[in-house]
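Just below is one structure, and these are the notes that go with it.
The values are calculated or read from the model by the stated rules, or taken from the named source; none is laboratory data. These numbers come from a predicted model, not from an experiment. As a convention, Cβ positions derive from the backbone with ideal geometry for all residues, glycine included, and neighbour counts pool all protein chains shown. With ligands, DNA and RNA removed, areas are computed over all heavy atoms of the protein, side chains included. Shrake-Rupley method; radii C 1.70, N 1.55, O 1.52, S 1.80 Å.
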Amino acid sequence: MNLRGRMRRYKRIIGAAIIILLTVCMEIGFNYRSLSEGYQELDLSRYMKTEGTGENKNYVVEYQPQEGLFVKQVKLCGIFSEETYTITCIVQNEFGREEEYSVTDTVHPLFQEFYTNLNRRVTSIRITLPCSSGSRLQSVTISNEAELNKYRIVFTGIVFLLLYCIFFEPVFRKKAEYFFLLFSLSFGGLLLLYGQPQCNAWDEQVHFQTAYSLACGKTVEWSEAAEWMKEGKTVKCNTKAEYAQLRKAMNEKGETIAAVEQRGSLGLCHNFIGYLPNALFLKIGMFLELPFSELILFGRMGNLLAYSFVMFWAIRLAQKRKWFLLFISLMPTPVFLACSYTYDSVVFSFVTLGVVLWVNEMAACESRSRKGTLLLSLLLILTGGAAKIVYLPVILIWLMAPQVKQMGKKEKRAAGLAGLTVCAGAAAFLFWYWLWPILNGSRIFADVRGGETDMAGQLFSMLAHPWASIKLFIRDIFSLDNFRNSGITAYNQFFAGNLLFLNYYLLGVMGDKWCIVLLPVITILLFVREKEAEGQRLLEKRQQLFVLLILAAVIGLIWLSMYLVFTPVGSEQISGVQARYYLPVVYFGALAIQNRSLYINGGGEGIPKLAMAAALLLETVSVYDFLLKGRLS
C-alpha cells in the first residue's frame, strides 16, 4: 500500500492528531507573552493612596516600572459597593511608540475580587476607584502568568474539528442533517458553558420566570438566586475568575428560599407550549438537586436539544433548499436563542419542520401524496403558532395541498368544517383576550415589563383614527428601520440581515462588514439550481402569490401585536418589533422564489462546502468576539 493509501486509511487518526496539535499551538500562541515575559503577581498595595475629599474622594494607585512591563491582568481585592473604576496607562505598541490607553470596569458587593484584562506593555499605570461609604480597597496586584484556558481550548478544538469534517469527511457533504447536529450541539454546548447564571437573551428574565414556574408546579419556591434571575439582575464579569465567583455566589443564593407562591391552576395556556423544553429540564435538574448555576445550564440544555432534534428532521426531510435551510438554522442568532430561556426556538423549529413537510407534499406526485404527512405538517405549524399566535396564518397552506384536490365532496366538507373550527377557536380566543375587555370597559396593561401600554385603549385609538393607523403601518413596515435589536438606538444601527442572523442581543451584533459573507452565500443558496427528483413539481404562480399573501399576513400581525402590547397609546411609531420575529418565516418566504429562469448552476461538493464553511466562519467570529474574548479569557 502506497503512502496516499495509508493516509486515507488512517486519516481520522491523523486528523485527530493534527487537531490536537493545532489546538495546543493556538493555546501556546495565546500565552506567548506570558511564557516569554511571565512573572507572578506583583503587589501594588504600597503605592495605594487617597485623593480628594467628600464625594470626590478616590483610591488611587500609581505605578511606574523602571522598564516597560507587560501586564496581562489587574486584580482588585476589597469590600465594595457598586462602582466603576478606571485604569489609565501609558502603553508601548509593537513599534515602541508610547500612547495613552484607558479602560473602565466595575466592582460589585456580590464578591470581593475583581479582574481586568489589560494585555499591554505599560510604562505607567494609574488606577482610580471611588472611595464611597462602605467600600474598602484592600489590595491591588498585576500579573502576567501563563495559564491553560479550558474555555478557549474547547472552542479552538471544536472549530478545527468542524473544519476537518467540512473538507475531509464526505458524509457531511451528503448528509446535511448530520453536520447540523454536530455543529448545533458543539457550538450550542459552548454557548451553554459560556452563558453563565445570568440573563443574556431578549427578555430572558421574563421567559425564565415562566419556565421556572412551570417546572415547580402548583407551589413555586423562589430561591434568592431565582429571584435574582427573574429580576434580570447582573454583575458585569469579564474574566473567567469573576464568573467562577458568580457561580459560587449564585449557588449559595440558590440554597435560600426567598418567596413562595401558589399557582391558581396547573392548566397549560397556549403560549406555555414553547416553554416546555426549558421547564422539563429545569424539573429534572430540581429532582437531581443540581446547584443553581448548573440548574440554569440544564434548563437551557432542554431548549437546545429540542431545537437540534426538530431541525435535524427538518433538514433531513427537506427536498428543496436543503443547504439554505442548513445555513440559516446554523446562524448565530438561531443557535443563541436555542441556548436561552425563550419560546422563539420552539416556534422557529416547529413552524419550519411543518413547512418542510408541506413543501414535500406539494413537490410530490399526486399518487405519492399522503394525508398523514399533511396532518402532521398542520399539527407542527399549529404547535409552533400556539406559542406565538402571529404565525398561525401559515396553517392556511393546507388549502393548496394536493390532498385537498383529491378529496371527495364529503371529505372536503369535513376538511372545511375542521378549518372553520380552527378559525372559530382562534376568533373566540381573540374575542376573549382582546375584545371582551373592551366591551367590559376594563384596561389591559399589555407589556409585562411596565410602561404606558393599554391594549384596549390602543384598539379604541386605532378605530377612532383608521386612516392614520393605516398610514402608520405602511410607513413603519416598509421603512428601512423596520428591523431592530432592542430599545437602545445604538444597538439598532446595523444592516437588517445582521440583526436577523448575526445578533447576540446586548452582547453584540456582528458589524456590517460581515455582509460580504452573509449576503452572497444567502443569494447563492437561494438561486442555486437544485437537482430535482423525478416527478417533483414547482409551485404555480398563484400558489407563490398565496405564499406571499400569507407571509404579508404574518408580518402584519407581528407589527399589529407590537403596536397593541408594546407601544404607548396613540404613538406615531410602532415599538418593540425586532428582527428575530421574522426567523420562523424565512424558509417559508424563500419558497416564493422559484428557479424557473434565473438560477445559478451548482453541482458537486462546492455548494455544501460553501454553506458549511460560511456558517462556521460566522459562528466562530461571533462566539469568540461576544462570549470568549473579554469575558472568559
**OP:** Compute the accessible area per residue over the range 3-145, keeping the other protein chains in place, probe 1.4 Å, unit Å².
**Re:** 60 Å²
Subject >> ³J(HN,Hα) computed for each position of the range 496-508 - Karplus, 6.51 cos²θ - 1.76 cosθ + 1.60, integer Hz, glycine/proline x >> reply: 4, x, 5, 5, 7, 10, 10, 10, 10, 6, 6, 5, x
**OP:** Work out how much length residue 506 to residue 609 would gain on full extension: take 0.36 nm times their residue separation and subtract the Cα-Cα distance, in nm to one decimal.
**Re:** 34.0 nm
Original post:
Which GluC sites (Glu not before Pro) from the range 126-194 combine a DSSP loop assignment with at most 16 other Cβ atoms within 10 Å?
Top reply: 145, 147
**OP:** Output ³J(HN,Hα) for the range 121-132: one whole-Hz value per residue in order, computed from phi by the Karplus curve 6.51 cos²θ - 1.76 cosθ + 1.60 with θ = phi - 60°, and x for Gly and Pro.
**Re:** 8, 10, 10, 7, 9, 10, 10, 10, 10, x, 9, 7
Original post:
To the nearest 10 square angstrom, what accessible area does residue 625 show with a 1.4 Å probe?
Top reply: 60 Å²
Original post:
So, in nm, how far is label residue 24 from label residue 106 when the simple model puts each one 7 Å beyond its Cα toward the Cβ?
Top reply: 4.1 nm
Subject >> Whole-number percent relative contact order across the range 70-125, with pairs defined as alpha carbons under 8 Å at least 6 apart >> reply: 52 percent
Original post:
According to the square roots a ≥ b ≥ c of the eigenvalues of the Cα gyration tensor, what is the shape class of the range 503-594, taking rounded for a/c under 1.5, prolate for a/b larger than b/c otherwise, and oblate for the remainder?
Top reply: oblate
Original post:
When all protein chains stay in place, what accessible area (Å², nearest 10, 1.4 Å probe) is found for residue 89?
Top reply: 0 Å²
**OP:** Report the accessible area of residue 163, computed with a 1.4 Å probe over the heavy atoms of all protein chains in place, in Å² rounded to the nearest 10.
**Re:** 70 Å²
**OP:** Provide the net charge surrounding residue 298, with neighbours chosen by a C-beta distance below 12 Å and charges set as Lys +1, Arg +1, Asp -1, Glu -1.
**Re:** 0
Original post:
What percentage of the solvent-accessible surface of the range 1-102, computed with a 1.4 Å probe over protein heavy atoms, is contributed by carbon and sulfur atoms?
Top reply: 52 percent
**OP:** Select from the range 69-146 those trypsin sites (Lys or Arg not before Pro) which occupy a DSSP coil region and have at most 10 other Cβ atoms within 10 Å, ordered by residue number.
**Re:** 97
Subject >> Packing rank of 583-589, 394-400, where each peptide gets the mean count of other beta carbons within 10 Å, highest leading >> reply: 583-589, 394-400
Original post:
What Kirkwood hydrodynamic radius do you get for the range 205-355 when you take the inverse of the mean 1/r over all pairs of distinct Cα atoms, in Å?
Top reply: 16.6 Å
Original post:
Which GluC sites (Glu not before Pro) does the range 15-73 hold that lie in a coil by DSSP with at most 13 other beta carbons within 10 Å?
Top reply: 67
Original post:
In whole Å, what is the distance between the alpha-carbon centres of the range 537-559 and the range 188-232?
Top reply: 37 Å
Original post:
For residue 95 and residue 261 in the same chain, what is the full-extension length gain: residue separation times 0.36 nm, less their Cα-Cα distance, in nm?
Top reply: 53.5 nm
Subject >> Under the Karplus curve 6.51 cos²θ - 1.76 cosθ + 1.60, θ = phi - 60°, whole-Hz ³J(HN,Hα) for the range 71-85, x wherever Gly or Pro sits >> reply: 10, 7, 8, 10, 10, 10, 10, x, 10, 10, 9, 7, 9, 10, 10
Original post:
At a Förster radius of 51 Å, what calculated FRET efficiency corresponds to the Cβ-Cβ distance of residue 178 and residue 86, to the nearest 0.05?
Top reply: 0.50
Original post:
Based on the mean of other beta carbon atoms within 10 Å per residue, what is the order of 79-88, 325-334, 10-19, most packed first?
Top reply: 325-334, 79-88, 10-19
